[in-house]
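Colleague: Below is a structure I'd like to ask you about.
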Amino acid sequence: MVKRKIMSLGRSSLVVSLPKNWTELNGLKKGDAVSCAIQRDRSLVISLGGTKKRRHSDATIDVDSNEDASVLIRRIIGNYLNGYYGIRLVSKSILTVPQRKAIRDIAGKLYMRIMESDSKSMYLVTLIDESEASLPSTIERMQTICLSMCVDSLKSLKSEDIKLAKSVFSEDDEVDHFAFFTLRLLRLAALDTTLAKQLEIDLLDCVDFQTLVYLIERTADLAADIARCVVLLAGNQQRISEEILTLMVNAGVEAVDLYEQAVQAFLSEDFPFSSEILNQQKRIKKLDQEIASRSFRSLGAQSSLERVAQLVCLICSIRDDIQRIAGCGAEVAELGINRAFKTAP
């Protein structure tokens, strides 16, 4: 840490000189502007002016010819989330067909473009300028798709619409697109005060919004799993009794409604509304208990033990997904309550 003495300039002005190595590192000269921001602990952060763009940085990943594609994907995601502009993948032998396919697939999900490619290497670059992004808009779009998935999965369950259920899976990829980008944005903002200022968020916001993104993504995965169960029911030529199905759909509608209200309360910082949402979860749990008790009484008509076991597993899976969606909503509500008590900077 470099210490600087406060000096007087004229009758009323106090000044502190900037370290020479810092100005040289950032290419600053006399007449350039810098930004000053007061932090929550009353410290002062000096950062580059708004006209200076963040420097691009590249990461290099050494790929083994036997490396599993799933491991390679996680390594690419890790580098992307940590803010690298370009990612170069290099193999001592060749990149295998499964590896190249995995790289192309994840590049599409991360909004990256393959700029260079040969038998031993590939170079990916990001296509989005983070400084032009809007955090609230990005999260709202992600939430809109997630909510649509929840509604469609319940519709497909009620009407046994296989086509609608299958379409939910494709929407899950879109939620992943927004999740990856938003998490990258938040991690960069936590490190770059200039970007954080442009996005109008502070470090505590980064923590809260990161948790929110994870909960939205988890909810979308649960909606996709309900749709998967609908497809499996049709594939096994099995049907849930009308009585149980009605109870499950009603519980699902309440769970999705709780989740939707929780996200709205979080974004609007509506504390009383968040408190009410937590009470709604108790009613959904009662509905689930009723579904469980009636389900086992209605399975006697099944023709074989194997088919009963299959149907029980699918019903339990859908019940669990509905409860978890309500749980995600409750977690968002708790997050909103905590956020409502955030101290002013």
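Nothing in this text is a laboratory measurement; each read-out follows from the coordinates by a stated rule. What you see is a predicted model, and the numbers here were worked out from it, not measured in a lab. Methodologically, a virtual Cβ is constructed for each residue, glycine included, from the backbone with ideal geometry; neighbour enumeration extends over all protein chains shown.
Colleague: Under the classification rounded if a/c is under 1.5, otherwise prolate if a/b is larger than b/c and oblate if not, where does the range 205-256 fall, given a ≥ b ≥ c as square roots of the Cα gyration tensor eigenvalues?
Modeller: Because a/c hits 1.5 or more and a/b fails to exceed b/c, the range 205-256 counts as oblate.
Colleague: Another question about this same structure. Place +1 on the Cβ of every Lys and Arg and -1 on the Cβ of every Asp and Glu in the range 7-48, take the dipole about the Cα centre, and give the residue among SER13, ASN26, VAL45 whose Cα lies farthest towards its positive end.
Modeller: Of the listed residues, the answer is SER13.
Colleague: Right, something else. Measure off 7 Å from each Cα along the Cα-to-Cβ vector at VAL312 and ARG141, then give the distance between these two points in nanometres to one decimal.
Modeller: Label-label distance for VAL312 and ARG141, simple model: 4.6 nm.
Colleague: Determine, from the Cβ-Cβ distance of HIS177 and GLU24 and an R0 of 35 Å, the FRET efficiency 1/(1 + (r/R0)^6), rounded to the nearest 0.05.
Modeller: Once the sixth-power term is evaluated, E becomes 0.35.
Colleague: Sticking with this one: How long is the gain from SER293 to ASN66 if the chain were fully straight, where each residue apart is worth 0.36 nm and the alpha carbon distance is subtracted?
Modeller: So the chain would gain 76.7 nm between SER293 and ASN66.
Colleague: Let me ask something else. Ordered by packing density, taken as the mean number of other Cβ atoms within 10 Å over each peptide's residues, highest first, how do 319-331, 23-35 rank?
Modeller: Final packing ranking: 319-331, 23-35.
Colleague: Starting from the 7 Å offset along Cα-to-Cβ, what nm value, one decimal, do you get for the label separation of ARG283 and VAL253?
Modeller: Using points 7 Å along Cα→Cβ, the separation is 1.2 nm.
Colleague: Report the gain in length on full extension from MET115 to LEU127: 0.36 nm times residue separation, minus Cα-Cα distance, nm rounded to one decimal.
Modeller: Contour length minus Cα-Cα distance gives 3.2 nm.
Colleague: Show me, for the range 224-241, the HN-Hα J-couplings you get by feeding each phi into the Karplus relation (A = 6.51, B = -1.76, C = 1.60, θ = phi - 60°), rounded to Hz, glycine and proline as x.
Modeller: The phi angles translate into 5, 6, 4, 5, 4, 5, 4, 5, 5, 4, 5, x, 8, 6, 10, 10, 7, 4 Hz.
Colleague: Now for a separate question. At 222 nm, what value in deg cm²/dmol follows for the chain if DSSP H runs of at least 4 each add -39500 (n - 2.57) and the sum is divided by all its residues, to the nearest 500?
Modeller: The per-residue figure over the chain is -22000 deg cm²/dmol.
Colleague: Additional query: Roughly how tilted is helix 271-297, in degrees to the nearest 10 and between 0 and 90, from the longest Cα axis of the chain?
Modeller: Around 30 degrees separate the two axes.
Colleague: Also: Once a ≥ b ≥ c are taken as the square roots of the eigenvalues of the Cα gyration tensor of the range 7-48, is the result rounded (a/c under 1.5), prolate (a/b larger than b/c) or oblate (a/b not larger than b/c)?
Modeller: oblate
Colleague: Can you put GLU276, GLU132, GLU254 in order of Cβ neighbours within 10 angstrom, beginning with the fewest?
Modeller: By the 10 Å Cβ count, ascending: GLU132, GLU276, GLU254.
Colleague: Among the lysines, select those whose C-alpha is under 30 Å from the C-alpha of LYS29, and discard any that sit fewer than 8 residues away in the same chain.
Modeller: Answer for LYS29, where 30 Å is the Cα cut-off: LYS3, LYS5, LYS20, LYS52, LYS53, LYS197, listed by chain and number.
Colleague: At a Förster radius of 30 Å, what calculated FRET efficiency corresponds to the Cβ-Cβ distance of ARG324 and LEU191, to the nearest 0.05?
Modeller: 0.40
Colleague: Cross-link partners among lysines for LYS158, C-alpha distance below 27 Å, same-chain residues fewer than 8 apart left out?
Modeller: LYS166, LYS282, LYS285, LYS286
Colleague: Hey, with R₀ at 41 Å, roughly what FRET efficiency would ASN82 and THR246 work out to, going by the Cβ-Cβ distance, to 0.05?
Modeller: Plugging the Cβ-Cβ distance into 1/(1 + (r/R0)^6) gives 0.30.
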